1. Looking at segment 147-166, is at least one residue buried (at least 16 other Cβ atoms within 10 Å of the Cβ) and small (Gly, Ala, Ser)?
2. Could you check segment 63-110 and list, in sequence order, the residues that are of a type in the set (D, E, K, R) and touching a Leu at 6+ places or on another chain (Cβ under 7 Å)?
3. Can you tell me how many residues within segment 1-48 are within 22 Å of ILE59 (Cβ to Cβ) and part of a helix (DSSP H, G or I)?
4. Could you please find all residues in segment 21-30 being surrounded by fewer than 18 Cβ atoms within 10 Å (Cβ to Cβ) and either closer than 17 Å to PRO101 by Cα or in contact with a Gly (Cβ under 7 Å, 6 or more places away or on another chain) (or both)?
5. Examine segment 137-149 for a residue that is closer than 30 Å to PHE27 by Cβ, in contact with a Cys (Cβ under 9 Å, 6 or more places away or on another chain) and touching a residue at least 60 places away in the same chain (Cβ under 8 Å), and state whether such a residue exists.
6. Filter segment 320-339 for residues that are modelled with pLDDT of 85 or more and part of a helix (DSSP H, G or I) and give the result.
7. Looking only at segment 97-144, which residues are in contact with a helix residue (DSSP H, G or I) (Cβ under 9 Å, 6 or more places away or on another chain), surrounded by 18 or more Cβ atoms within 10 Å (Cβ to Cβ) and at pLDDT below 90?
Amino acid sequence: MATIVERKGRFLVRVRRDGFKPVCKTFTMRKDATAWGRRVEADMEAGRWVEDRAPAPVIPTLAQAVRLYREGPAKKLKGSATYSYWFDELETSAIAAKRVPDITPFDLSAWRDAQEQSGLKPGTVVRKLGLLSGLLTWCQKERGWIASNPMRSVSKPRVNDARDRTFTADELAHLQAAAKSGKAPWLADALVVLVRSAMRRGELWGLKVCDIDFKCSTAHLRDTKNGSARDVPLDPVAREALQRLADATKTVGRADASAVVVDIKPGAAAGDERIIPVGDPAAISLAFRRTVARARRDYLKGCKVRGIDADAGFLVNVKLHDARHTAVSRLAETGALSMVELMAVSGHKSPRMTLRYSHLSASALAAKLAQVAA
């Protein structure tokens, strides 16, 4: 039976019939695709169909498909810079030399097992499987090289990487002091904004001076993780921190040893400068890790001078994204915002994700229970 699928203004027709290999061909007009499908079906039914009558499509290897995919659709993916390394790995993997239709679920399962055995966390393995699955779906729907995606038959590792780490007030104070005395002094105000606004790292990095309405205390995020722009409300402390960062963009000749500096381009519109003076969001995390190490050393040194025992968990196992956890948890603990309002601040599309981030402390809940009991 012939089926016709429209893809980007072109029509892919596939003919499947018992006793014959599936054949497909692409046309620019639907009527041509319909006529060809009927003709092939009639030839098959009459016994006139010859396999080499239609030129066999060139089926690439997985490595060749990866190169085509990363030059086109992959450029539109979020985190394409990170995926570049994964694509390089796929092009040299054990299954790279296999033709796309010859890749089986067994091959993909073996590749998955190799990823797990290399020491990668389950969450990373799942994301890499998702990237490969997207590639194979593209091979199926956009190119017609395979009839179905073999990844559908491959089980994925169980992921349990939810974090409940938040910053304490003392940890934030040490981070602020270490940042102000380091080579990236802008990080101190950046941390204030992250901890009080629940922005993501990439959202803050993409923020420009013209996106901030200081009178209305809002920041407009054009590009977010879920693809929807949103306005973030700012409390007075976060607004003042953004004001200091905005004022710093007027300084010419800024230097930051941790990243590429983004200077004001000649002829650029006023306010078109980025709030964070680095050329890549990964530089913010790099500056943060350096600041954490310096703050931890300062803390241990201070404990030694005062003759007190240091907290073994102080600034240990922390990530920049924990600032977002801290922000959502702090707002949730106040009880001042409804779930809808909390979601508007965090940018989550579902309450389930907001609940995952809002780690209410037992002591705060105990205090509320005491009020109820009274």
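1. Taking segment 147-166 first, the residues buried (at least 16 other Cβ atoms within 10 Å of the Cβ) are 149-151, 154, 157, 166.
Narrowing the set further to residues that are small (Gly, Ala, Ser) leaves none.
Taking every residue of segment 147-166 in turn, none turns out to be buried (at least 16 other Cβ atoms within 10 Å of the Cβ) and small (Gly, Ala, Ser).
2. Residues of segment 63-110 of a type in the set (D, E, K, R): 67, 70-71, 75-76, 78, 88-89, 91, 98-99, 102, 107.
Residue satisfying the conditions is LYS98 alone.
3. Result for segment 1-48: 5.
4. Just the residues of segment 21-30 that are surrounded by fewer than 18 Cβ atoms within 10 Å (Cβ to Cβ), to begin with: 21-22, 26-30.
Within segment 21-30, LYS21, PRO22 meet the criteria.
5. Here is the first cut: in segment 137-149, the residues closer than 30 Å to PHE27 by Cβ are 137-149.
Filter once more, so that each one left must be in contact with a Cys (Cβ under 9 Å, 6 or more places away or on another chain): 144-146, 149.
This time we only want the ones that are touching a residue at least 60 places away in the same chain (Cβ under 8 Å), so: 144-145.
Yes, because at least one residue in segment 137-149 is closer than 30 Å to PHE27 by Cβ, in contact with a Cys (Cβ under 9 Å, 6 or more places away or on another chain) and touching a residue at least 60 places away in the same chain (Cβ under 8 Å).
6. The initial filter retains those residues of segment 320-339 that are modelled with pLDDT of 85 or more, namely 320-331.
Scanning segment 320-339 gives ASP322, ALA323, ARG324, HIS325, THR326, ALA327, VAL328, SER329, ARG330, LEU331.
7. Within segment 97-144, ARG143 is the sole residue that qualifies.
Yes/no per residue for (1) in the same structural domain as TRP205 (by TED's automatic domain parsing); (2) at pLDDT 80 or above; (3) surrounded by 15 or more Cβ atoms within 10 Å (Cβ to Cβ); (4) among the acidic types (Asp, Glu):
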site	(1), (2), (3), (4)
ASP223	yes, no, no, yes
GLY253	yes, no, no, no
GLY267	yes, no, no, no
GLU273	yes, yes, yes, yes
PRO281	yes, yes, yes, no
ARG290	yes, yes, yes, no
VAL305	yes, yes, no, no
ALA310	yes, yes, no, no
VAL318	yes, yes, yes, no
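The values are calculated or read from the model by the stated rules, or taken from the named source; none is laboratory data. Keep in mind the model is a prediction, meaning the values are calculated, not measured. Cβ: placed from backbone, ideal geometry, glycine included. Neighbour counts: every protein chain shown.
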